[in-house]
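This report concerns only the one structure given below.
The values are calculated or read from the model by the stated rules, or taken from the named source; none is laboratory data. The structure presented is a predicted model; accordingly, all values stated were derived computationally and were not measured. Reconstructed Cβ throughout: ideal geometry from the backbone, glycine too, with neighbour counts over all protein chains shown. To get the accessible areas, we keep the full protein, side chains included, count just its heavy atoms, and leave off ligands, DNA and RNA. Shrake-Rupley method; radii C 1.70, N 1.55, O 1.52, S 1.80 Å.
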Amino acid sequence: MIIANWKCNGTKKMIFSWFEDYGKEVNFVDVLPIVGVAPPSIYFGYFSRENASLKFIEWGLQDADHLDGPRTGAISVDMLIDMECDFLIIGHSERREIFKEDNDLIKEKLKSLNNRVTAILCIGENKEENNKGITRDVLKEQLDIVNGLELDQSFTVAYEPVWAIGSGLTPEPKDINEIHKFIKDVVQSNSANNLVPKVLYGGSVTDKNAESFFKEEFVDGALVGGASLDGSTFAKIVNIFSGIDKK
Ligand code: 13P
């Protein structure tokens, strides 16, 4: 599963060249991985299912509000279902930091989704926590929101160390692998239905380093920021993922 998080980036012009570049570069292999794009919602009009270059692309929201009604500026989970989005990203570190979202709110969002579309829950430690060696404690606390919840088979966690986002720095692939195993174990032990989630890695993924992550046993894909803004680079990352045989 490879997901593009465009964050607050894009123009009409960029979107049209993205479609073209992606379509030219991507390999249409027999078993296509799940590929998704989360553009800024104002551009959703361009993500029509009739668009041939988007036929195999899912689309989703970078965030949504758990309630409808008098909440100026918000887009609700019910609207996302109404518009047949395929997935919702929640808990991104930029939402936690800039918009002061806490675990309680993120849990409300997850609960309001009620397993109707794929949830991609982002978690990750910051540099200071990493230096202190408390990464696992931080992740475990962020994962508390799944405790006792019945999770859909599609439930996905994105491990995004905050210090790796947009910095060009990444953990070592083997360290990512160990953390992903830890995340799978925690969710399996704590969710009501003992679900083993998919775990994506996010943070400075490019077409140059993607293979080193994708080869690892417990890395089920990537959540890509900066490198997803270019259709051709994103397609290269998708091609690398499609070409890995983990058997
Ligand atoms: P970058 O790929 O730009 O580091 O961003 C990662 C991210 O935050 C994806 O959600």
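Only one of the listed residues (LYS198, LYS215, LYS174) is open to solvent by 10 Å² or more (accessible area, probe 1.4 Å), more than 14 Å from the ligand (Cβ to nearest atom) and in contact (Cβ under 8 Å) with a residue 60 or more places away in the chain. That residue is LYS198. Counting the residues of region 231-247 that are touching a residue at least 12 places away in the same chain (Cβ under 8 Å) and either hydroxyl-bearing (Ser, Thr, Tyr) or part of a loop (DSSP other than H, G, I, E, B) (or both) gives 5.
Against the test of being in contact with an Asp or Glu (Cβ under 8 Å, 6 or more places away or on another chain) and more than 26 Å from SER17 (Cα to Cα), the options VAL199, VAL186 yield a single qualifying residue, VAL199.
Here LYS208 meets the list (1) away from the ligand (no atom under 12 Å from the Cβ); (2) more than 26 Å from GLU25 (Cβ to Cβ); (3) open to solvent by 40 Å² or more (accessible area, probe 1.4 Å) almost entirely, failing just condition (2).
Scanning region 1-29 for residues that are of a type in the set (Phe, Trp, Tyr), part of a loop (DSSP other than H, G, I, E, B) and closer than 20 Å to SER41 by Cα returns a single hit, TRP6.
When PRO70, PRO40 are checked against the criterion of being at pLDDT 95 or above, farther than 24 Å from ALA222 by Cα and surrounded by fewer than 18 Cβ atoms within 10 Å (Cβ to Cβ), PRO70 stands alone in meeting it. Residues of region 218-230 that are near the ligand (Cβ under 8 Å from one of its atoms) and surrounded by fewer than 24 Cβ atoms within 10 Å (Cβ to Cβ): GLY225, GLY226, ALA227.
Scanning region 72-105 for residues that are within 24 Å of ILE2 (Cβ to Cβ), in a loop (DSSP other than H, G, I, E, B) and not aliphatic (A, V, I, L, M) yields GLU84, CYS85, ASP86, GLY91, HIS92.
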